[in-house]
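J.: Got a structure for you, questions after.
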């Protein structure tokens with residue numbers, strides 16, 4: 001009945017490196033005649049596999065996870081092999097090798113295994129017990145390859161190349177699977193390189209691009225620690241343009257102290273006002289709006305400052321009536337460099353700035369400008385970008 005339930009088919013999912021081991025061969029032999037013993041041996045194999053995966057993931061990560069969660073000390077590989085089943089499951093979970101739901105499933109499987117080991121008149125294993133143990137041990141542990149987390153030295157070798165580089169898909173996937181501690185180490189390293197004025201510009205830019213690439217696959221728990229680290233770096237210092245670009249690339253702007261962020265954008269708004277929104281300043285619009293995109297755009301600006309910036313952008317985008325001089329065939333004069341950048345910024349922000357946009361659109365000077373049908377059309381283009389439908 002156990003075989004008919006599909007337990008034997010699950011064994012085919014075990015990865016080849018374990019298929020060849022005598023322990024799995026013994027499980028296959030025992031399954032038709034003594035399923036309880038087969039379950040016990042299969043869970044033993046899963047626990048042993050987890051210990052090996054802990055070592056492959058890195059003893060440094062294991063040591064910190066054990067220390068933070070009051071588990072037995074881990075200094076060398078032998079310490080991991082001496083871990084009890086319960087401690088092994090806990091360590092694998094705290095290192096990020098298994099998720100919390102998976103940890104809970106394995107704990108239940110271990111409870112079943114203990115009942116199977118001590119079968120008596122009060123408890124008799126059922127088919128559902130054996131199938132649960134088989135499915136849990138194989139799908140969560142024995143069918144999965146070990147995680148070999150990317151190391152700081154791997155990233156260092158790449159970004160120090162004397163040319164613009166892109167992280168490979170394989171390296172990004174390795175980073176995604178890495179435990180929180182390793183993700184934190186790599187992010188801290190990249191931030192330090194990006195902020196180091198002594199490093200060549202190409203290396204610093206490579207570090208920022210690496211942060212931007214890895215941000216999308218980093219876990220929130222690790223990102224929060226990166227944010228705390230970056231906040232400590234900026235303690236008692238105003239946030240510079242370079243620092244805000246790094247924070248945006250790492251995705252940690254939200255973790256910085258908001259008064260510091262607010263002050264930065266207030267100063268940024270002052271720069272926008274000094275340059276002005278008129279189309280004749282188009283050359284200066286390119287750099288300042290590129291910088292604005294690099295620090296995270298409208299999404300990271302505190303609301304009380306954002307409405308001022310949105311208003312400046314609205315006035316810059318809609319331009320002023322044309323049709324004279326060398327632009328006789330151009331009905332609206334606007335900044336060619338600012339327009340596409342403002343369009344991207346509004347599209348990215350979407351409905352987040354819808355209210356700010358309406359406030360700007362109701363400004364007397366904007367309403368007066370919109371009496372011109374060509375300018376009104378440009379204003380409606382911006383409105384389309386911040387509506388829910390778009």
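J.: Do any helices (runs of 4 or more DSSP H) entirely within region 2-92 hold 2 or more residues that are assigned by TED's automatic domain parsing to the domain that holds residue 105 and under 19 Å from residue 114 (Cβ atoms), and if so, which?
T.: Values: elements: 7-10, 16-19, 22-30, 35-57, 59-68, 77-81.
Helices (runs of 4 or more DSSP H) meeting the threshold: 22-30, 35-57.
J.: At pLDDT below 75 and surrounded by 18 or more Cβ atoms within 10 Å (Cβ to Cβ): is that true of residue 31 in this structure?
T.: Spelling it out, residue 31 is indeed at pLDDT below 75 and surrounded by 18 or more Cβ atoms within 10 Å (Cβ to Cβ).
J.: Failed condition for residue 252, given (1) under 18 Å from residue 189 (Cα atoms); (2) surrounded by fewer than 21 Cβ atoms within 10 Å (Cβ to Cβ), with all others met?
T.: Answer for residue 252: the failing condition is (2).
J.: In the set 180, 154, 196, which member is in contact with a helix residue (DSSP H, G or I) (Cβ under 8 Å, 6 or more places away or on another chain) and modelled with pLDDT of 90 or more?
T.: On inspection, the qualifying residue turns out to be 196.
J.: Taking helices (runs of 4 or more DSSP H) that do not extend beyond region 140-204, which have at least 1 residues that are under 16 Å from the mean Cα position of the chain (by Cα)?
T.: By residue number, 169-177, 180-195.
J.: Taking the residues in region 350-390 that are in contact with a strand residue (DSSP E or B) (Cβ under 8 Å, 6 or more places away or on another chain) and assigned to a helix (DSSP H, G or I) as candidates, determine which candidate is surrounded by the most Cβ atoms within 10 Å (Cβ to Cβ).
T.: Taking the candidates together, the pick is 375.
J.: From the list 74, 80, which residue is within 23 Å of residue 144 (Cα to Cα), at pLDDT 90 or above, more than 27 Å from the chain's Cα centre (by Cα) and surrounded by 13 or more Cβ atoms within 10 Å (Cβ to Cβ)?
T.: Among 74, 80, only 80 is within 23 Å of residue 144 (Cα to Cα), at pLDDT 90 or above, more than 27 Å from the chain's Cα centre (by Cα) and surrounded by 13 or more Cβ atoms within 10 Å (Cβ to Cβ).
J.: Given 305, 314, which one is farther than 23 Å from residue 239 by Cβ and part of a helix (DSSP H, G or I)?
T.: 314
J.: Scan region 227-240 for residues that are exposed (fewer than 15 other Cβ atoms within 10 Å of the Cβ) and touching a helix residue (DSSP H, G or I) at 6+ places or on another chain (Cβ under 7 Å) and jot them down.
T.: Result: 228, 238.
J.: Output the number of the condition that residue 250 fails; it satisfies all remaining conditions of (1) in contact with a helix residue (DSSP H, G or I) (Cβ under 6 Å, 6 or more places away or on another chain); (2) free of Cβ contacts under 8 Å to residues at least 60 places away in the same chain.
T.: Looking at each condition in turn, residue 250 falls short on (2).
J.: What pairs come up if the first residue lies in region 140-152 and is touching a residue at least 12 places away in the same chain (Cβ under 8 Å), the second is assigned to a loop (DSSP other than H, G, I, E, B) and surrounded by fewer than 19 Cβ atoms within 10 Å (Cβ to Cβ), and their beta carbons are under 8 Å apart, counting only those six or more places apart or on different chains?
T.: 142/15; 143/15; 144/15; 145/15
J.: Which condition from (1) touching a helix residue (DSSP H, G or I) at 6+ places or on another chain (Cβ under 7 Å); (2) assigned to a helix (DSSP H, G or I) is the one that residue 336 breaks?
T.: (2)
J.: I need the full set of residues from region 286-328 which are touching a strand residue (DSSP E or B) at 6+ places or on another chain (Cβ under 9 Å) and surrounded by 18 or more Cβ atoms within 10 Å (Cβ to Cβ), in order please.
T.: 318, 319, 322
J.: Do you know which residues across region 186-212 are within 19 Å of residue 95 (Cα to Cα) and surrounded by 21 or more Cβ atoms within 10 Å (Cβ to Cβ)?
T.: If the condition is that a residue be within 19 Å of residue 95 (Cα to Cα) and surrounded by 21 or more Cβ atoms within 10 Å (Cβ to Cβ), then 186, 187 are the ones that fit.
J.: Conditions first: (1) over 20 Å from residue 301 (Cα atoms); (2) within 27 Å of the chain's Cα centre (by Cα). Residue 352 passes all but one, so which condition is the exception?
T.: The one condition residue 352 does not meet is (1).
The values are calculated or read from the model by the stated rules, or taken from the named source; none is laboratory data. Note that the structure is predicted; figures quoted are calculated from it, not measured. Counting neighbours? That spans all protein chains shown, and the Cβs are built from the backbone with ideal geometry, glycine included.
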